[in-house]
Amino acid sequence: MDQLTAGYNIYTTKCDDDECHGLKKPQKFTVDEWNSILPKMKRKAKLDSTEYAEVYRYILAKRETLVGDKK
């Protein structure tokens, strides 16, 4: 749970600022789309490997709770 909270905090802090796009709803994209989007976000937001992993876990876990196992 701590990792998900950390991922949420990083996502809401680094992705919802003037330099980025604002927050996207995790359920808006499929898992495959997130797998394509998140590496680009990592570079743009200058996330280190740990931060990236936490955001990745948060996005996919949140998406799972909202849409289940639908791709």
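Pairs only if they're at least six apart or on different chains, beta carbon under 6 angstrom, first in region 18-30 and over 13 Å from residue 56 (Cα atoms), second modelled with pLDDT under 85 and outside any loop (DSSP other than H, G, I, E, B); list them, first residue then second.
Here the result reads none, with nothing in region 18-30 linked to a residue that is modelled with pLDDT under 85 and outside any loop (DSSP other than H, G, I, E, B).
Condition check: farther than 17 Å from residue 66 by Cα and aromatic (Phe, Trp, Tyr). Does residue 52 satisfy that? Reasoning before the result, please.
Working: farther than 17 Å from residue 66 by Cα: yes; aromatic (Phe, Trp, Tyr): yes.
Against the criterion (farther than 17 Å from residue 66 by Cα and aromatic (Phe, Trp, Tyr)), residue 52 qualifies.
Here is a check on your reading of the model: is residue 48 surrounded by fewer than 13 Cβ atoms within 10 Å (Cβ to Cβ) and modelled with pLDDT of 90 or more? Give the derivation first.
Details: surrounded by fewer than 13 Cβ atoms within 10 Å (Cβ to Cβ): yes; modelled with pLDDT of 90 or more: yes.
In short, yes.
The values are calculated or read from the model by the stated rules, or taken from the named source; none is laboratory data. What you see is a predicted model, and the numbers here were worked out from it, not measured in a lab. FYI the Cβ positions are ideal-geometry reconstructions off the backbone, even for glycines, and counts take in every protein chain you see.
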